[in-house]
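Notes follow once the structure below has been shown.
The values are calculated or read from the model by the stated rules, or taken from the named source; none is laboratory data. Quick caveat: nothing in here was measured; it's all calculated off a predicted structure. A quick note on method: Cβ atoms are made from the backbone with ideal geometry, for glycine too, and the neighbour counts reach across all protein chains shown.
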Amino acid sequence: MAADNFLSLPTDLPIPQDDGACDHLRGLTLPSIALQATSGTTIDLSKEKSPWVVVYCYPRTGRPGHELPGGADKWNAIPGARGCSPQSCAYRDHHVELKALGASVYGLSTQDTAYQSEAVERLHLPFPLLSDAQLAFAKALQLPTFTFAGLDLIKRLTLIIRAGRIEEVFYPVFPSDADAEHVIAWLTSRSDK
């Protein structure tokens, strides 16, 4: 898979099943945790002032020309693992709509900020990515994680937050490139409430 296209999804990916690992999240108040952002600042999601805050958690983005740790075939075999770049690009492509609905968008992974900054630049993302490299956010919220090739990674899920409280959770997210549209539909259905 040397000439892999990180921006497209294979048609034969295994579909993740809901294992209940996010059932406890709806209604939770976010803890105050400072996360390093690719914008050069730290972000505390519990203090964000936008009417809505959308945080899509993803395992890790790949880099063109670099083999995935553990190998692409093994990565693709993990339900829900593949598709981080398509998910980010979908949020990029729908960013204007999300802003119009009053939503700030953040991507979050355990990758370090330097690695994430490359993805922001390459994918032309108009929003910051947040690094939870120490798993402080993931552990505080008991987010579902998995280990692959010695890396601790967050399973793909999306949080919709209002005034520091989790209002909705999408989990599992599949396919990843449809996530932004699902979030827009959910926010639109509540825009008059």
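Among the residues of this structure, Leu157 counts as one that is closer than 14 Å to Cys84 by Cβ and at pLDDT 95 or above. What pairs come up if the first residue lies in the range 136-159 and is under 11 Å from Ile78 (Cβ atoms) and touching a residue at least 60 places away in the same chain (Cβ under 8 Å), the second is of a type in the set (Ser, Thr, Tyr) and not in a strand (DSSP E or B), and their beta carbons are under 8 Å apart, counting only those six or more places apart or on different chains? That search, which allows pairs on different chains as well, returns Leu153/Thr110; Lys155/Tyr171; Arg156/Tyr58; Arg156/Tyr171; Arg156/Ser176.
Tell me, yes or no, whether the range 144-164 has at least one residue that is within 24 Å of Ala90 (Cα to Cα) and more than 15 Å from the chain's Cα centre (by Cα). The answer is yes; a qualifying residue exists.
The set of residues from the range 47-67 being of a type outside the set (Ser, Thr, Tyr), touching an Asp or Glu at 6+ places or on another chain (Cβ under 9 Å) and modelled with pLDDT of 95 or more comprises Trp52, Cys57. Those strands (runs of 3 or more DSSP E) of the range 1-82 in which at least 3 residues are touching a residue at least 24 places away in the same chain (Cβ under 8 Å), under 15 Å from Thr158 (Cα atoms) and touching a strand residue (DSSP E or B) at 6+ places or on another chain (Cβ under 9 Å), considering only elements entirely within it, cover 52-57. Look at Gly27 and say whether it is at pLDDT 95 or above and more than 20 Å from Ala138 (Cβ to Cβ). When the stated conditions are applied, Gly27 does not pass them. Selection of the range 53-102 for residues being closer than 18 Å to Ala163 by Cα and crowded, with 23+ Cβ neighbours inside 10 Å yields Val53, Val54, Tyr56. Of the residues contained in the range 96-111, none is found to be modelled with pLDDT of 95 or more, of a type in the set (Asp, Glu) and assigned to a loop (DSSP other than H, G, I, E, B).
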